[in-house]
Amino acid sequence: MWILFALGSAFFAGITAVLAKLGIHGHDSTLVTALRTSVVFLGAWIVAAISLHGHFLSELTSISSRAYLFLFLSGLATGASWLCFFAALSKAPVTFVSPIDKSSTIIAIAFAVIFLGESLSPIALVGVLVLGIGIVLTLEPGLFRGFVSQRSKTSASTPLPDAQKVPAASWIIFALASAIFAALTSILGKVGITGVDSNLGTAARTSVVLVMAWIVVALHAKPAQVRTIPLRDHAWIAASGIATTASWLCYYRALQEGPASIVVPIDKLSILVTVAFSALVLRERVSGRYLLGIAGLCAGTVLMVIG
């Protein structure tokens, strides 16, 4: 059953990226992240309250301090990952950002083996290798070479105008940071969700992400910009928040019942949905190399599941 929840998580996560891209256009990424998190916060707590019926308060108070600690840390990692991901998404196409973000799969698998003691069969190890090849193929050719070139230009002795101090390729740093924090999220969440109702654990984590997101917005003195966002974009942001809620509820249910080293790769198949919707809705084009890389991601995931 946990495999179905993992697949559900992948589907809704894939939709999330496209909906968020539609809503983030021309707006501050941290503010959009905070607005989305508000929707997720409401959705997660409503689902938790409904699913637990009359046991809501007793379940809430029965969570151990250790579980709360790891849920808190997982929430912090999630907030950091989101802020980095949407900062990257505001600067580059979905098809550029998603492959780098999905590299968190390899990092999370390594963390699961090292910190959770999960083992991988020879077939699963081959799957990890195929996953890595798939991720590399989905990256734009010369991506990092172009980034290094741009960084070297900013190191010149001639001062640059304020608008040019951060190069356009800075989104790569945000995407890589998003991947690292996302990997930490999975491992910390796996520990924190153990013995806890998955819906309630998801809601608790979301509370941390919500506070973190709005603190960042407040520090940048941007809360007033909410009024400048058109109603249509608010609708896209809300829709992406709803999709994220569904993805998280499925993901942490799967993570509670299945091994993180397999749940994470299945969840990252969301890139299939993202690419499909990006092509249909955003009209973003993908190369044959990119499609070959996605095929590698799928093949690697299948090998890990059957291994």
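Summing +1 for each Lys or Arg and -1 for each Asp or Glu, what net charge is found among the other residues whose Cβ lies under 15 Å from the Cβ of Thr206?
So the surrounding residues net to +2.
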> Which entries in the list Lys102/Lys190; Lys190/Lys222; Lys222/Lys268; Lys21/Lys268; Lys190/Lys268 go over 25 Å, if you measure between the two C-alpha atoms of each?
Replying inline: Lys190/Lys222; Lys222/Lys268
>> Just to be sure I understand: with springs between alpha-carbon atoms less than 10 Å apart, which residue in Phe115, Phe85, Phe70 has the highest mean-square fluctuation in the Gaussian network model of the chain?
In response: Phe115
>> As a test of the formula, what do you get for the chain when each DSSP H run with n ≥ 4 contributes -39,500 (n - 2.57) and the sum is divided by the residue count, at 222 nm and rounded to the nearest 500 deg cm²/dmol?
In response: -25500 deg cm²/dmol
> Out of Thr105, Thr228, Thr274, any idea which swings most in a Gaussian network model of the chain, alpha carbons joined below 10 Å?
Replying inline: Thr228
> Using 7 Å Cα-to-Cβ label points, what is the Val286/Ile306 separation (nm, one decimal)?
Replying inline: 2.2
>> Students often forget the sequence filter, so: which aspartates and glutamates lie under 16 Å Cα-Cα from Lys91 once same-chain residues fewer than 8 apart are removed?
In response: Asp28, Asp101, Glu140, Glu284
> Can you give the three extents of the C-alpha atoms in the chain along their principal axes, from longest to shortest, in whole Å?
Replying inline: 63, 52, 38
>> Just want the answer: with Cβ charges of +1 for Lys and Arg and -1 for Asp and Glu, which residue in Phe12, Leu188, Phe86 is farthest toward the dipole's positive end in the chain?
In response: Phe86
>> Hydropathy at least 0.0 by Kyte-Doolittle, axial extent at least 20 angstrom from the Cα trace: which helices of the chain, defined as entire DSSP H runs, fit?
In response: 2-24, 29-52, 65-89, 122-138, 171-193, 198-219, 231-257, 288-306
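To make sure I understand, if each residue's beta carbon is the centre and we count other beta carbons within 10 Å, what order do Met212, Met304, Met1 fall in, fewest to most?
So the ranking, lowest neighbour count to highest, is Met1, Met212, Met304.
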>> How charged is the neighbourhood of Leu89? Take every other residue with its Cβ under 13 Å from the Cβ of Leu89, and add Lys/Arg as +1 and Asp/Glu as -1.
In response: 0
>> Modelling each spin label as a point 7 Å along the Cα-to-Cβ direction, I'd like the Ser51/Val126 distance in nm, to one decimal.
In response: 3.6
> So what is the relative contact order of the chain, in percent, for Cα pairs below 8 Å that sit 6 or more residues apart?
Replying inline: 46
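Would you tally the net charge around Ile237, using a Cβ to Cβ cut-off of less than 15 Å, leaving Ile237 out, and scoring K and R as +1, D and E as -1? Mind showing how you got there, number by number?
Numbers: positive: Lys21, Arg36, Lys222, Arg227, Arg232; negative: Asp28, Asp233.
Counting the neighbours of Ile237, the net charge comes to +3.
No lab work stands behind these numbers, since they all come straight from the coordinates. All figures in this text were calculated on a predicted structure; none of them were measured in a lab. Neighbour counts are summed over all protein chains in view; Cβ atoms, including those assigned to glycine, are modelled from backbone coordinates with ideal geometry.
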